[in-house]
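The values are calculated or read from the model by the stated rules, or taken from the named source; none is laboratory data. Since the model is a prediction, treat every value here as computed from it, not as a measurement. Positions of Cβ are backbone-derived with ideal geometry, glycine not excepted, and every protein chain shown enters the neighbour counts. What goes into the accessible areas is simple: the full protein's heavy atoms, side chains included, and nothing from ligands, DNA or RNA. Shrake-Rupley method; radii C 1.70, N 1.55, O 1.52, S 1.80 Å.
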Amino acid sequence: MDGSYLAEFLLEKGYEVHGIVRRSSSFNTGRIEHLYKNPQTHMEGNMKLHYGDLTDSTCLVKIINEVKPTEIYNLGAQSHVKISFDLAEYTADVDGVGTLRLLDAIKTCGLTGSVRFYQASTSELYGKVQEIPQRETTPFYPRSPYGAAKLYAYWIVVNFREAYNLFAVNGILFNHESPRRGANFVTRKISRSVAKIHLGQLDCFSLGNLDSKRDWGHAKDYVEAMWLMLQEEKPEDYVIATGEVHSVREFVEKAFKHVEKTIVWEGKDENEVGRCQETGDIHVRVDLKYYRPTEVDYLQGDSSKAQERLGWRPQVTFEELVKEMVDADIELMRSNPNA
């Protein structure tokens, strides 16, 4: 998701954009197809793709040596928090050691003096939050293999910055969503399901913890912040967030409200359901399988440093984000109910 918006943003600014894509037996470039010179034939223009992987240091050295980039954005990760409990070793390899491989490749290619490096850090670093709101100086307390792997990545970036004078920054981005969000993330699961219910293709869907509270922004706003960090004179780490907090429950209510359905909650804990006030139909259930072994209950970012230093401000409101996602999924499900 972030890569597609970032590529779009950089191409508009006149960059030549190079991306790394993992080998797959089917095309998995749906989010960037419109950026090809010829989308029908996948003919490349100013966007060029290279086969590679964050678990393969040789290919990273080869690509960086060949391209000699001026800016590198590491957005690659196993980024699903719940799945990281099942794929803990893989998550550590890609999200943690993968970042080290990339930094080492820059050093091996002799580009520490010319490259600017952006690392996609995450609000999941704060986990069991030590203060509200969370800012750059808030102590970290990750609550998942994903958060722990990203914590290693955060500190190895700081180490390379201090050890080798590399222009390297961590963007501690709070939750950001869009219609391009992967289908198994909670916000997109909600927007897809609401769209299907609206079109009569689905009756009910299940979620985990309805009371998780997050600071949700739009991915399009957040990729601009990534770029701004690399245009500064000095490399520094920044929190990027809206400062607003909403629960999963609120996201559900807003999504249904957009299709003129009012959700009323009944029951408690795993027996709670969301019923449509207008029809009496149950549209939402709770399933314990979607709970994490250790939960992150509350995230709220303080992006005042980014606002003061970078001049960055979030543009898209929470309500606008929800509406955009639901509208896009209604359009998608209307043309392809099996999407």
Please state which of the following conditions Y291 fails to meet, knowing it meets all the rest: (1) at pLDDT 95 or above; (2) surrounded by fewer than 17 Cβ atoms within 10 Å (Cβ to Cβ). (1)
For region 104-119: of the residues being part of a loop (DSSP other than H, G, I, E, B) and of a type outside the set (A, V, I, L, M, F, W, C), which is surrounded by the most Cβ atoms within 10 Å (Cβ to Cβ)? T112
Just one of E319, E295 is under 24 Å from G208 (Cβ atoms), in contact with a Lys or Arg (Cβ under 9 Å, 6 or more places away or on another chain), assigned to a helix (DSSP H, G or I) and touching a residue at least 12 places away in the same chain (Cβ under 8 Å); which is it? E319
Take region 126-140 and flag every residue that is under 21 Å from R292 (Cβ atoms), in contact with a helix residue (DSSP H, G or I) (Cβ under 8 Å, 6 or more places away or on another chain) and either of a type in the set (A, V, I, L, M, F, W, C) or assigned to a loop (DSSP other than H, G, I, E, B) (or both). G127, F140
Which is among the charged types (D, E, K, R) and closer than 25 Å to F167 by Cβ, of D104, D93? D104
Of everything in region 305-339, what is closer than 17 Å to V223 by Cα and either surrounded by fewer than 17 Cβ atoms within 10 Å (Cβ to Cβ) or of a type in the set (S, T, N, Q) (or both)? Give them in sequence order. Q307, R309, G311, R313, Q315, T317
Quick one: how many residues across region 50-80 are of a type in the set (A, V, I, L, M) and under 23 Å from the mean Cα position of the chain (by Cα)? 5
Of E266, E236, E270, E253, the only residue that is touching a strand residue (DSSP E or B) at 6+ places or on another chain (Cβ under 8 Å) and either at pLDDT below 95 or of a type in the set (A, V, I, L, M, F, W, C) (or both) is E270
Among the candidates E244, E250, E260, residue that is acidic (D, E) and at positive phi: E260
Wholly enclosed strands (runs of 3 or more DSSP E) of region 249-292 bearing at least 2 residues without any contact (Cβ under 8 Å) to a residue 40 or more places away in the chain and more than 24 Å from the chain's Cα centre (by Cα): 263-266, 273-276
Within the set of pairs 6+ apart or on separate chains, which have a first residue in region 202-223 that is among the aliphatic types (A, V, I, L, M), a second that is assigned to a strand (DSSP E or B) and open to solvent by 10 Å² or more (accessible area, probe 1.4 Å), and C-beta atoms under 6 Å apart? A219/H176
Within region 1-99, strands (runs of 3 or more DSSP E) holding 2 or more residues that are modelled with pLDDT of 95 or more and out of contact with any Lys or Arg (no Cβ under 8 Å at 6 or more places or on another chain): 71-74
Within region 76-103, considering residues that are without any contact (Cβ under 8 Å) to a residue 24 or more places away in the chain and of a type in the set (D, E), the one most open to solvent (accessible area, probe 1.4 Å): E89
So, A163, is that one free of Cβ contacts under 8 Å to residues at least 24 places away in the same chain and more than 30 Å from N271 (Cβ to Cβ) or not? yes
Of the numbered conditions (1) over 20 Å from G182 (Cβ atoms); (2) out of contact with any Pro (no Cβ under 8 Å at 6 or more places or on another chain); (3) of a type in the set (A, V, I, L, M), A241 fails exactly one; give the number of that condition. (2)
